[in-house]
Amino acid sequence: MALPLLVDDWPPEPIRTARLLLRAPEARDREHFLDLGSDDVVNHHLGGGRDRAELDAELPRVPADRPGQFVMEHDDRFVGWMGIGRRDTARPGRAGTPGGDLELSYVLPESAWGHGYATEAGSAVLAWAAERFDEPVVVCTQSANTRSRALAVRLGFAELERFEELGAEQWYGVRRP
């Protein structure tokens, strides 16, 4: 079971990078989250896109509305979501943090791939987390997802272990403070 991410200053002021605005999710982002969640290409390494009608029935009015979750915008255009949360302790993979490791997660629409947005946002979100938590951050991706593994390495993650989950080999990396 994952513990909630406790953050005193949520929602924060938006984070600005060279090209991006990272802000807390809002109701206006819901359609973008529906697009992301139902896209088979985007979710290829996550088991495929979900049925849009089912996702629409389940998705809250404000998606990802919890501390540590950021919408990524470039020139006022949605280019993805990135967040830090507590990894469910019932899932495989451990960096040894009591109560569950901090985990970096992200999903970008295909139109945003290859522009460096995930690297730029990841650096900013990891810096935000480092200011609040003195603990490792992990990332988990399918071993076959070479783009996601390359991003993890660019962000300073080192492979900790590999394991089978969700019908595929998973790459589990850690970035220590």
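Any read-out appearing in this document is the output of simple, stated calculations on the displayed coordinates, not a laboratory observation. For clarity, every value in this text was computed on a predicted model and none was experimentally measured. Positions of Cβ are generated from backbone atoms using ideal geometry, with glycine treated the same way; all protein chains shown enter the neighbour counts.
Residue check: is ASP40 surrounded by fewer than 17 Cβ atoms within 10 Å (Cβ to Cβ), charged (D, E, K, R) and within 22 Å of TYR117 (Cβ to Cβ)? Give the derivation first.
Details: surrounded by fewer than 17 Cβ atoms within 10 Å (Cβ to Cβ): yes; charged (D, E, K, R): yes; within 22 Å of TYR117 (Cβ to Cβ): yes.
Considered against the rule, which asks whether it is surrounded by fewer than 17 Cβ atoms within 10 Å (Cβ to Cβ), charged (D, E, K, R) and within 22 Å of TYR117 (Cβ to Cβ), ASP40 comes out as yes.
When you check ALA144 against the structure, is it more than 16 Å from the chain's Cα centre (by Cα), in contact (Cβ under 8 Å) with a residue 24 or more places away in the chain and either within 25 Å of ALA24 (Cβ to Cβ) or surrounded by 13 or more Cβ atoms within 10 Å (Cβ to Cβ) (or both), yes or no? Before you say what the answer is, go through the steps one by one.
Details: more than 16 Å from the chain's Cα centre (by Cα): yes; in contact (Cβ under 8 Å) with a residue 24 or more places away in the chain: yes; either within 25 Å of ALA24 (Cβ to Cβ) or surrounded by 13 or more Cβ atoms within 10 Å (Cβ to Cβ) (or both): yes.
For ALA144, the condition - more than 16 Å from the chain's Cα centre (by Cα), in contact (Cβ under 8 Å) with a residue 24 or more places away in the chain and either within 25 Å of ALA24 (Cβ to Cβ) or surrounded by 13 or more Cβ atoms within 10 Å (Cβ to Cβ) (or both) - is met.
Return a yes/no flag: does the stretch 38-60 have any residue that is of a type in the set (Val, Ile, Thr) and free of Cβ contacts under 8 Å to residues at least 60 places away in the same chain.
Here is the first cut: in the stretch 38-60, the residues of a type in the set (Val, Ile, Thr) are 41-42.
With free of Cβ contacts under 8 Å to residues at least 60 places away in the same chain added as a condition, the list becomes none.
There is no residue in the stretch 38-60 that is of a type in the set (Val, Ile, Thr) and free of Cβ contacts under 8 Å to residues at least 60 places away in the same chain.
Could you check, for the stretch 24-34, whether at least one of its residues is on the phi < 0 side of the Ramachandran plot, of a type outside the set (A, V, I, L, M), over 17 Å from the mean Cα position of the chain (by Cα) and part of a strand (DSSP E or B)?
No, the conditions are met nowhere in the stretch 24-34.
Could you check how many residues of the stretch 131-173 are farther than 18 Å from THR119 by Cβ, part of a strand (DSSP E or B) and aliphatic (A, V, I, L, M)?
Going through the stretch 131-173 one residue at a time, the tally reaches 2.
Taking the condition of being under 16 Å from the mean Cα position of the chain (by Cα) and in a helix (DSSP H, G or I), how many residues in the stretch 40-99 meet it?
Residues that pass the stated criteria total 3.
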